[in-house]
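Every number here is computed from the coordinates shown, using simple stated rules; none is lab data. The shown structure was predicted, so the numbers you read here are calculated from the model rather than taken from an experiment. Backbone-built Cβ (ideal geometry, glycine too); neighbour counts: all protein chains shown.
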């Protein structure tokens, strides 16, 4: 996977580049809006990380212009502005995801991994499979080893999101955003309890654990190994 | 002088000058019209009277010839207030009547004189002259008969009317000047007061207000709306000041703690494990700081009202049951029974995310502080009554003593002095700000006042219902 980071703070950019490379991602870096737009339109990337406030050119206008040219490379906006309205403007300009500074790198990495692989898109698939766990998106039925597992609507949506991104780290914030449509962090960690309830339903009577906890980051659905 | 100029340039003065000018024009036009009409009427009347006299005189002439005519004329001439009469020879010499001299040429033409002419009456001095209109008749023997009427009185009346007009205009003008002076000076004085007050405000005295004299005029209305604006600015400013105070007090402490931890880890000779532990602790500390910081920013943003733009129709029933559902497993894990009693179909105009966060803060607090009792319970309720929507989170814990309830909504106030529970001390402040943004209030009550030991706490967001 290859991504472009458009970020004017050189220290942050260097830290991000190093961390992404360690995670096996190729990184290009631009330190102002103009060169960022140039690189993004000349090369092909799997994802863009765009700082919102940049010298020479605003981050949102870069994304808007790329979209205007028919370039739909997924873009994640990094911003110090974290309020509801800011996120809405960011997403309206064509951003695919929005992360408020300061953020944990694990959060950024998880989101970029998912954005970068999204090009292949799993939205069309009607059945998700992880190991012997099967989720039918048309009938909303979940089976493991052929045996039906009854789930509450919210549990179903939680599992659907996890399975859609199987093999990827999904953070608690991402779950709150996509399953509950909450764009803030509740003070207590409410997600973990939901996960353990779900886990008990899909794993209790079956051998292999599928829903793993990734320490310091989030959760991942994965079979085998 | 400049004050006079300033006064002349006030709107009131300009308007009244314009008004005065228009009024004067109309008055002059009216007077001319009225005098013209009344003169016409008077002339007609004069002519009718003269024609009547001529008829009488003509009858006398037909009956008794020139001698009778002269007799009638002489008699009429002597009557008080008589018209003008003259009988003249064809040469123009006057032989009877009450006229001593005539403007030459008047008797040369039969019929009405086209213009007023000058004449002298019997007994007038040489330089006394009058003006008159008359009808001249040529008698069959060549003599001329003239019957006329003095028009001096008419001209006098016209003069009087015009004079009255001039006096009236002069009085009006003087009056307008006086009113200008009074109104203009009054207006200027009030504007001076206002600009004095605004100078004080500019200089930093935000408690200053523009003067309102209670008359309810346009100055008062302007002052009132400017004062409302000032009040809002003052509140915002106060909020900002409070935030910076808070930052000074409550963010410095954890920052210092963070710094100390780093220093201790650096100085310590522990191996990789203790360093790792210290670093993890520091990340947790900074996360807490970030959370505090975000909450502060969010509160001031909500209080400034800039999120109002993001208002939409919010399904409050759905929002409340979602929040209850989100927290239910967590509560259960801690042995708390969380129940929801939610009236369906309640919609209000609002900001969904802020309302969700406010409610989540309330449930979060309840979960944190309600676990003291024997069988801890939390209830999330949504009811609608008399146009109000009440979104409440109730617990059966130890509650909050009435005298502390005002404090807990203040920023960074935590009743838990030991600060053993995690939290920023900002949760209720945000809830209150969100309630205020939606035009509502935040109320704190005992949940069950009859239970002395565990009265519980009911935190209620009272929001205006749909219109």
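A few comments on the model shown:
- Scanning the stretch B:103-132 for residues that are assigned to a strand (DSSP E or B) and in contact (Cβ under 8 Å) with a residue 40 or more places away in the chain yields B:112, B:132.
- Test: residue B:175 is in contact with a helix residue (DSSP H, G or I) (Cβ under 6 Å, 6 or more places away or on another chain) and either more than 30 Å from residue B:105 (Cα to Cα) or exposed (fewer than 13 other Cβ atoms within 10 Å of the Cβ) (or both): no
- Residue match in the stretch B:366-375 (condition: in contact (Cβ under 8 Å) with a residue 12 or more places away in the chain, more than 14 Å from every other protein chain (Cβ to nearest Cβ), farther than 27 Å from residue B:291 by Cα and outside any helix (DSSP H, G or I)): yes
- Test: residue in the stretch A:10-26 that is under 26 Å from residue A:106 (Cβ atoms), part of a strand (DSSP E or B) and touching a strand residue (DSSP E or B) at 6+ places or on another chain (Cβ under 6 Å): yes
- Of the criteria (1) over 22 Å from the mean Cα position of the chain (by Cα); (2) in contact (Cβ under 8 Å) with a residue 24 or more places away in the chain, which one residue B:184 fails: (1)
- Taking the listed residues A:199, A:212, the one that is away from chain B (no Cβ under 11 Å), in a strand (DSSP E or B) and out of contact with any helix residue (DSSP H, G or I) (no Cβ under 7 Å at 6 or more places or on another chain) is A:212, with no other qualifying.
Residues are listed down the side, and each one gets a yes or a no for (1) surrounded by fewer than 21 Cβ atoms within 10 Å (Cβ to Cβ); (2) within 25 Å of residue B:310 (Cα to Cα); (3) within 14 Å of chain B (Cβ to nearest Cβ); (4) in contact with a strand residue (DSSP E or B) (Cβ under 9 Å, 6 or more places away or on another chain):
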| position | (1), (2), (3), (4) |
| --- | --- |
| A:35 | yes, no, no, yes |
| A:58 | yes, yes, no, no |
| A:69 | yes, no, no, no |
| A:105 | yes, no, yes, no |
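- Flag for residue A:157 being in contact with a strand residue (DSSP E or B) (Cβ under 6 Å, 6 or more places away or on another chain), assigned to a helix (DSSP H, G or I) and either under 19 Å from residue A:122 (Cβ atoms) or within 14 Å of another protein chain (Cβ to nearest Cβ) (or both): no
- Residues in the stretch B:297-335 that are surrounded by 22 or more Cβ atoms within 10 Å (Cβ to Cβ) and either facing chain A (nearest Cβ under 7 Å) or under 22 Å from residue B:433 (Cβ atoms) (or both): 10 in all.
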